[in-house]
Structures are given as structure tokens and as C-alpha cells.
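Below is one structure, written out as C-alpha cells, with a few remarks after it.
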Amino acid sequence: MPARIEPCLALLKPRPPVGPDWLYEVKWDGYRIALHLNNGNVRILTRGGHDWTHRFPGIEADAKRLGVGSAILDGEAVVLDEIGRSNFGKLQQSLGGRGGKLNSGASIMFAFDLLYFDGHDIRSLELTARRYFLQSLLKNETGAIRLSETIDGDGRDIFDAACAHDLEGIIAKYKDAPYRSGRYGEWIKVKCTQSDSFIVVGYEHSTVARSGIGSLLLAARKGDDWVYVGSVGTGFNEGSAGHLRKTLDRIKRKAPPVKYEGRRKNLVWVQPTLIVEIEYRAWTHDGKLRHASYKGPREVQDNAAVYEMVADPAG
């Protein structure tokens with residue numbers, strides 16, 4: 001039984017592939033995890049390979065009750081909102097925020113693939129066969145481990161419906177493909193809105209906003225440098241703003257870590273160490289985020305990668 005398997009990653013596309021060769025699923029908004037079960041011993045690994053078993057006690061407990069001696073399940077740890085949508089912010093809060101040490105009893109796992117089953121490595125099987133075994137394993141599960149259901153229909157209609165229900169997007173998967181670690185195009189992700197990780201380089205101090213934070217100043221990576229990509233002033237509440245203020249005030253610096261030509265006053269610059277997830281609609285012509293909203297902090301342990309600017313994003 002492999003100690004760890006690098007995950008299969010989805011390739012981002014603007015439109016979903018269409019046709020009978022594709023399966024479609026909801027794109028869950030959480031942490032990618034691999035659940036390893038071996039004769040009653042459970043390990044829950046993040047995408048980056050960190051052992052977070054203790055942080056997902058409900059998933060761990062339900063894994064021990066699965067009727068199989070050994071298995072590796074691929075899926076997403078999420079926290080659902082009041083109408084059943086995965087909510088990244090709620091997941092972050094349940095874990096205690098950036099650097100938090102809380103255990104998330106509210107988290108559940110949506111499993112969408114099975115890589116190892118009852119003593120056999122099944123990655124070479126086509127996706128439909130792997131899902132057959134996964135469905136048989138999870139057919140009665142409604143607790144902390146659930147099957148990520150496939151959705152029948154035209155990929156374009158499914159994507160439109162996902163966006164109409166304020167979901168993050170959909171995943172399309174090639175039915176006959178084996179499981180391959182890396183990003184090869186057998187899995188395609190299509191997002192209703194863009195969502196990427198950026199580094200915080202400062203904040204705009206305000207006397208009226210939550211905890212004194214009017215907006216966060218953001219940067220992307222370009223080679224060995226940081227490039228300013230605009231600010232975000234929505235998406236955080238009193239609690240998350242308070243946590244951000246405490247974190248940022250511990251890493252203040254006098255000089256800006258990026259080239260900044262704006263005219264704003266009351267700016268507080270910080271060391272570029274805090275990674276945050278930002279949802280946005282598009283890029284402006286001068287390389288700034290348009291309609292940005294804060295989703296939550298990201299962890300290096302979860303393989304969070306800061307957005308890399310390799311070309312004009314608006315072009």
C-alpha cells in the first residue's frame with residue numbers, strides 16, 4: 001500500500017468539454033485530502049502531504065467504520081453552509097484560521113475517487129471502474145464521508161446551473177482515463193468565478209471599518225519579485241478582520257515590499273508572508289483584480305501557491 005500518492009490535478013479551462021466521454025461533478029470548495037485506511041489505522045493527508053488526521057475527527061471516526069481492510073480515497077474536506085453549499089471561509093474558521101490549531105468537527109469529506117481498494121492498487125483502471133468500487137464502498141454513507149455524485153447531462157447546462165446556484169464551478173473527468181498524478185487534462189475544472197491565492201503586502205487603515213482594516217493590499221509573484229495587483233475590501237467580517245489585524249500588526253515593515261504608485265494614504269506595509277484566497281471576476285487592463293472578495297487565509301501546508309504572473313492577465 002503506497003505511503004502517499006501525488007494527486008491528479010484538474011486543468012483550468014473557460015468552458016467544459018461536452019460529450020458522452022465525460023463525467024461531471026460539483027467542484028467542492030475546501031481542502032484536497034487523501035484518506036488512507038489500513039486495518040483500522042487512518043491517516044488523512046493534505047495535498048502537500050501533511051498529516052492532518054487529528055484535525056478532521058469526524059472523517060477519521062467514520063473511516064474506521066468503513067467495511068474494508070485497506071483503501072485510499074481521494075476527495076475534498078469541506079464545511080457546508082445552511083443550504084448545503086461548500087464554504088471555504090467556514091472551513092477556515094472551523095480550523096482556527098491561519099496558523100490555527102483547532103480540530104474541525106464540522107468538516108465532512110466528499111470522496112470522488114478510489115486509488116487503492118482491499119489490498120489492490122487500482123489506479124490503472126478506468127475512472128468508471130474506480131467509481132463503481134467507490135460507490136459500493138460508500139453506498140450507505142451519509143455522515144462525515146460521502147460520495148461526490150456525478151451529474152448527468154450536457155456539460156454546458158450543468159455549468160450554467162452550478163453558477164446559478166452560486167457554486168464554485170464543476171469538474172469534468174474523462175471516463176476511460178486511469179488515475180495519473182499531476183495535471184494532464186483528463187480532469188478539467190471550470191469556475192464560475194476566478195479564485196486564486198495572493199500574498200498580502202499591507203492594509204489600508206480605516207477609523208470606521210472592521211478592526212481598522214479598510215482593505216488588504218495584494219501582490220502576485222513575478223519571477224523573484226512581488227507585483228502589486230490591487231486591493232480587496234469585502235468578504236471579511238468583524239471576526240476575520242480582527243484576526244487579520246492581529247496577524248498583520250506582528251509583521252509590519254516601514255518600506256513597501258512592492259512598487260506602489262497609488263495615492264492612498266494611511267497605508268500600513270507588512271512582510272510578504274500571509275497568503276490569502278481571493279475570489280474575483282476578471283483583471284483590469286493594467287493588471288489589477290476586478291470585483292475582488294476575500295475568502296480566507298491559506299496554509300503553506302496545504303500546498304497553497306501564490307498566483308504567478310507569467311503574462312498580461314487581462315490580455
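Tabulated data for the structure shown
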quantity: Helical mean residue ellipticity (222 nm; -39500 (n - 2.57) per DSSP H run of 4+; nearest 500) of the chain; calculated: -4500 deg cm²/dmol
quantity: Overall form of segment 11-191 per C-alpha gyration tensor (a/c, 1.5; a/b vs b/c); calculated: oblate
quantity: For a label point 7 Å along the Cα-to-beta-carbon line of ASP154, residues of segment 1-35 with backbone N under 14 Å; calculated: 16-20
quantity: Size descriptor, Kirkwood hydrodynamic radius, that averages inverse alpha-carbon separations across segment 87-146, Å; calculated: 13.6 Å
quantity: Entries in LYS90/LYS175; LYS13/LYS222; LYS27/LYS139; LYS27/LYS246; LYS90/LYS222; LYS189/LYS246 that, when Cα-Cα distance is taken, lie over 26 Å; calculated: LYS90/LYS175; LYS27/LYS246; LYS90/LYS222; LYS189/LYS246
quantity: Backbone N within segment 190-204 under 13 Å of label point (7 Å from ARG290 Cα along the Cβ vector); calculated: 194
quantity: Efficiency of FRET from Cβ geometry, ASP118 and SER206, R₀ 45 Å, rounded to 0.05; calculated: 0.20
quantity: Dipole magnitude of the chain about its Cα centre (Cβ charges: Lys, Arg +1; Asp, Glu -1), debye to nearest 20; calculated: 1260 debye
quantity: Label point distance in nm, ILE251-LEU102, each placed 7 Å from Cα along Cα→Cβ; calculated: 2.1 nm
quantity: Listed residues GLY185, GLY239, GLY214: farthest to the positive end of the dipole of the chain (Cβ charges); calculated: GLY214
quantity: Sites ASN38 and GLN271, calculated FRET efficiency, Cβ-Cβ separation with R0 51 Å, nearest 0.05; calculated: 0.80
quantity: Per-selection Rg to Rh, segment 194-302 - Cα, Kirkwood hydrodynamic radius; calculated: 0.92
quantity: Amide N proximity, segment 271-285 versus LYS259 label position 7 Å along Cα-to-Cβ, cut-off under 19 Å; calculated: 272, 284-285
quantity: Unit charges at the beta carbon, dipole of segment 11-191: most positive-side option, ALA77, ILE59, GLN92; calculated: GLN92
quantity: Net charge of neighbours whose Cβ lies under 15 Å from the Cβ of TYR260, counting Lys and Arg as +1 and Asp and Glu as -1; calculated: +4
quantity: Among (1) 17.9, 52; (2) 20.5, 63; (3) 21.0, 72, the entry derived from the coordinates for Rg and Dmax of the Cα atoms in Å; calculated: (2)
quantity: The chain: DSSP helices with Cα axial extent of at least 15 Å and average Kyte-Doolittle hydropathy no lower than -0.5; calculated: 127-138
quantity: Fully extended contour minus Cα-Cα distance, from LYS139 to HIS50, at 0.36 nm per residue; calculated: 29.2 nm
quantity: Cysteines (scope the chain) whose Cβ has no counterpart Cys Cβ under 4.7 Å; calculated: CYS8
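Quick note: the coordinates plus some simple rules give every number you see, no bench work behind them. What you see is a predicted model, and the numbers here were worked out from it, not measured in a lab. Here Cβ is always computed from backbone atoms with ideal geometry, including for glycine, and neighbour counts include all displayed protein chains.
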